[in-house]
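The values are calculated or read from the model by the stated rules, or taken from the named source; none is laboratory data. Note that the structure is a prediction, hence the values are computed from the model and not measured. So basically every Cβ, Gly included, is an ideal-geometry build from the backbone, and we count neighbours across all protein chains shown.
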Amino acid sequence: MLARLRSYLPTAALGLLIVYFAIHAFTGEQGLLSSNQRDAALVAKTKELAALRAQREDLEKRARLLRDTSLSADLLEERARSLLGFADPRDYVIRTAP
């Protein structure tokens with residue numbers, strides 16, 4: 001009887017490997033059943049990317065205004081006051097903890 005079962009051992013081992021990989025294909029970390037989590041993460045990262053792009057565009061606009069060719073007096077005054085710690089006597093200054 002053992003001699004007859006020996007011929008089926010490679011087939012059984014191959015079948016178990018196929019079942020093992022099939023289970024991981026469905027339930028693994030990047031499996032088919034975890035696509036909802038990936039979609040939620042993609043939506044969150046897309047929103048974060050949009051916010052970062054808006055922030056970058058704002059910084060690029062401010063940097064463009066500080067160049068020698070197109071110097072904005074208001075922006076220059078704002079940056080000088082914040083860096084030097086000066087304020088106009090008519091300004092209201094609200095100090096916050098860093």
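Give the number of residues within segment 20-37 that are in a helix (DSSP H, G or I) and surrounded by 10 or more Cβ atoms within 10 Å (Cβ to Cβ). Spell out how you get there, then give the answer.
First, the residues of segment 20-37 that are in a helix (DSSP H, G or I): 20-27, 32-37.
With the extra rule that they be surrounded by 10 or more Cβ atoms within 10 Å (Cβ to Cβ), the set shrinks to 20-27, 33-35, 37.
Selection size over segment 20-37: 12.
The residues on offer are Asp58, Asp74, Asp88, and the sole one that is loosely packed, with under 10 Cβ neighbours inside 10 Å and either touching a helix residue (DSSP H, G or I) at 6+ places or on another chain (Cβ under 6 Å) or part of a helix (DSSP H, G or I) (or both) is Asp74. Just checking, does segment 37-50 include any residue being under 30 Å from Leu75 (Cβ atoms), among the polar types (S, T, N, Q) and modelled with pLDDT of 95 or more? Among the residues of segment 37-50, not one is under 30 Å from Leu75 (Cβ atoms), among the polar types (S, T, N, Q) and modelled with pLDDT of 95 or more, which makes the answer no. Among the conditions (1) modelled with pLDDT of 80 or more; (2) surrounded by 10 or more Cβ atoms within 10 Å (Cβ to Cβ); (3) out of contact with any Ser or Thr (no Cβ under 8 Å at 6 or more places or on another chain), Thr96 misses just one, which is (2). Contact map, segment 60-73: first residue of a type in the set (D, E, K, R), second residue surrounded by 10 or more Cβ atoms within 10 Å (Cβ to Cβ) and modelled with pLDDT of 75 or more, Cβ cut-off under 8 Å, separation 6 or more or different chains; pairs are Arg62/Leu75.
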